[in-house]
1. Which ³J(HN,Hα) values, rounded to whole Hz and listed in residue order, are derived for the stretch 145-156 from phi using the Karplus coefficients 6.51, -1.76 and 1.60 in 6.51 cos²θ - 1.76 cosθ + 1.60 with θ = phi - 60°, glycine and proline given as x?
2. Can you put Lys135, Lys97 in order, fewest other beta carbons within 10 Å first?
3. What list do you get for Met58, Met132 if you sort them by fewest beta carbons within 10 Å?
4. In whole Hz, with x marking every Gly and Pro, tabulate ³J(HN,Hα) for the stretch 100-111 from phi via Karplus 6.51 cos²θ - 1.76 cosθ + 1.60, θ = phi - 60°.
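What follows draws every value from the coordinates through simple rules; no lab data is involved. Predicted, not measured: the structure shown is a model, and the values here were computed from it. Every residue, glycine among them, receives a Cβ derived from its backbone with ideal geometry; neighbour counts consider all protein chains shown.
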Amino acid sequence: MQKVFIVITFICFSLATAAPYRDEQFPPGGGDHFPSDGDDHFPSDGGDHFPSGGNTNMWASKLCANISLAEEFLSNIQAVITQLNLNESFAQFLQQKVQEVAYIENSTNVALLSSNCTQYFNGLTTAQNADMEAKRQQQEYENIGTRLLQQIIPTIFGYGIAHH
């Protein structure tokens, strides 16, 4: 049961800080939920605050407003990663988040959390975006491979070739 909780926590964290805004409007009244495409991230303008809108910005702003909470958050995320690393069942899951995990485990980035919390979360978002791009690229390769395999039988038997 504890392992399931750990995985759910890690997934929620990953989803909450996933990808960049895509010029989508949040609903009126503060926008307490993600854009419809599930994307949300922290500003990359190097500023020391988060724009309003989205759950990610809300909790990240709260974390950065209280560094002890931010450090507790990071400590908990690192503990989850450690637990996941100890169980081979999660190897593929962690492989899909290799940049994010490396960022979280990097001591320079850990120090950045204390000195510039906003920049830490910007960097985390960049790492997550890199993982998402790698996943997108892998999916593209899989689609190409699938199409090539699906063309074998029609090519052999002449299906799809216009001949009368």
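1. Values, residue by residue: x, 4, 4, 4, 5, 5, 7, 4, 4, x, 5, 5 Hz.
2. Fewest to most other Cβ atoms nearby, the residues stand as Lys135, Lys97.
3. Numbers: Met58 16, Met132 19.
In increasing order of surrounding Cβ atoms, one gets Met58, Met132.
4. 4, 5, 4, 5, 5, 8, 6, 5, 5, 5, 4, 5
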